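Structure record follows, encoded as structure tokens.
The values are calculated or read from the model by the stated rules, or taken from the named source; none is laboratory data. Bear in mind that the values here come from a model prediction, so they are computed numbers and not experimental data. Glycine also receives a Cβ, built like all others from the backbone with ideal geometry; neighbour counts cover every protein chain displayed. Surface areas here come from the heavy atoms of the whole protein model, side chains and all, with no ligands, DNA or RNA. Shrake-Rupley method; radii C 1.70, N 1.55, O 1.52, S 1.80 Å.
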Amino acid sequence: MTASTQSSYFAPRRLGHVNLWVDDIPTSERFYSEVCGLTVEFTEPELVATFLGTGHTPHDLGMIQKTNGVDRYGKDGLLQLPGTIGLHAGLNHLAWELENEAELVDAFRRLKADNVDTDITVDHQVAHSVYVFDPDGNYNEFYCDTVKDWRSVLHGPMELITSYWDPLTAEGFTEGRYDTEPVLRTHPSAPLQPRRITHAVLKTAKIDEMERFYTHIGGLRVVARREGVVYLGGTEDAQYEHNLVLVPADAPSYDHASFQLDSDATLDKAIAGLQKQGVTIARKVDLPWKRSIFLIDPDGLGSEWYVRRDAPIDLAARGDVALSDAA
């Protein structure tokens, strides 16, 4: 892969969602809705996929059942999920929301002009997307919303949604079609009542190379560096401190996604509710800059549910808390 010396290609506003490969859709859907409080916004039965969230975007969390080696097709015969991928539970992709289609189209065309590798480009009915792999092989979706009132388009079980989209022939609208006044909702009886997804944590043995990808290609900005950990954020910095955390490690892995709660009282109520349901809390973290709990989902994947505190992050003062948990 080659790239020019310009500052960046994409310019994301924020992390839109995390998408996971899961072993069993009904089991994972129940966990993330009935325990974690995310609302099932829509499903794609033919793709074996469920999309959940709180309403800030069409979904905070997507999940697709493992392919088990069998190809799955989207709309109009598009090979959306080759059977060579999705063989194990884990991260499918991180999704980055751009301001508008013009920015997405311009970035794609410059990538092509500079011979930078991209993967599939698609129309998801409420979004247009370009997919790119990072140096560790993590899949990244860079997308723009195309329908502001996305709930009028996607709700309940849906027929196949995704078809091919050609950024080279797209006109590229310039207005932002994300919802600036979203209607938020969560699963009413779930112990956890999250506000939104805010960031994801990746472990990597290629910290410099990964930082370069997410700044130069991905267009994120470095918010901070602490104890070898790199914090990166999008342009929507008034609401999000950071959207991606890169943690040095011996081997690459997806560590967890983090969901913000309103207050300590909300977290206390969640802990009591989880204990009443018999849900195991994997870890509790209480630090000057955040208080959080970590859960392990049915596939062994982690998630963080946290309350932000006013103190600055000081990883040197984390005590015996793991670096990825403290970040």
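Going through (1) in contact (Cβ under 8 Å) with a residue 60 or more places away in the chain; (2) assigned to a strand (DSSP E or B) one by one, residue 286 falls short only on (1).
Is it the case that the stretch 29-40 has a residue that's under 23 Å from residue 166 (Cβ atoms), in contact (Cβ under 8 Å) with a residue 40 or more places away in the chain and of a type outside the set (S, T, N, Q)? If you could, list the steps in order and put the result at the bottom.
Within the stretch 29-40, the subset under 23 Å from residue 166 (Cβ atoms) is none.
No: the stretch 29-40 contains no residue that is under 23 Å from residue 166 (Cβ atoms), in contact (Cβ under 8 Å) with a residue 40 or more places away in the chain and of a type outside the set (S, T, N, Q).
Looking at 272, 326, 317, 251, just one residue is within 30 Å of residue 137 (Cβ to Cβ), open to solvent by 40 Å² or more (accessible area, probe 1.4 Å) and among the hydrophobic types (A, V, I, L, M, F, W, C), and that residue is 251. Scanning the stretch 67-99 for residues that are farther than 15 Å from residue 44 by Cβ, surrounded by 19 or more Cβ atoms within 10 Å (Cβ to Cβ) and not small (Gly, Ala, Ser) returns 91, 93, 94, 96, 97, 98, 99. Go through the stretch 143-164 and give me each residue that's among the hydrophobic types (A, V, I, L, M, F, W, C) and part of a loop (DSSP other than H, G, I, E, B). Of everything in the stretch 143-164, those that are among the hydrophobic types (A, V, I, L, M, F, W, C) and part of a loop (DSSP other than H, G, I, E, B) turn out to be 147, 153, 154, 158, 160, 161.
Scanning the stretch 134-179 for residues that are closer than 30 Å to residue 204 by Cα and surrounded by fewer than 16 Cβ atoms within 10 Å (Cβ to Cβ) yields a count of 1.
Being modelled with pLDDT of 95 or more and either open to solvent by 20 Å² or more (accessible area, probe 1.4 Å) or out of contact with any strand residue (DSSP E or B) (no Cβ under 7 Å at 6 or more places or on another chain) (or both) is a property that holds for residue 264. With respect to residue 280, is the statement that it is open to solvent by 20 Å² or more (accessible area, probe 1.4 Å), in a helix (DSSP H, G or I) and of a type in the set (Ser, Thr, Tyr) true? Criteria not met by residue 280. Beta carbons closer than 7 Å, at least 6 apart along the sequence or on distinct chains, pair a first residue in the stretch 311-327 that is more than 14 Å from residue 256 (Cβ to Cβ) with a second that is in a loop (DSSP other than H, G, I, E, B) and small (Gly, Ala, Ser) for 315/327. Residue count for the stretch 174-201 under the criterion of being in contact with a strand residue (DSSP E or B) (Cβ under 7 Å, 6 or more places away or on another chain), under 30 Å from residue 322 (Cα atoms) and not β-branched (Val, Ile, Thr): the result is 6.
For the stretch 289-310: of the residues being open to solvent by 30 Å² or more (accessible area, probe 1.4 Å) and part of a loop (DSSP other than H, G, I, E, B), which is farthest from residue 228 (Cα to Cα)? Spell out how you get there, then give the answer.
The first filter runs over the stretch 289-310 and keeps only residues open to solvent by 30 Å² or more (accessible area, probe 1.4 Å), leaving 291, 296, 298-300, 308-310.
After this cut, where a residue has to be part of a loop (DSSP other than H, G, I, E, B) as well, the list is 298-300, 309-310.
On the way: 298: 31, 299: 29, 300: 26, 309: 22, 310: 22 Å.
So the residue we want is 298.
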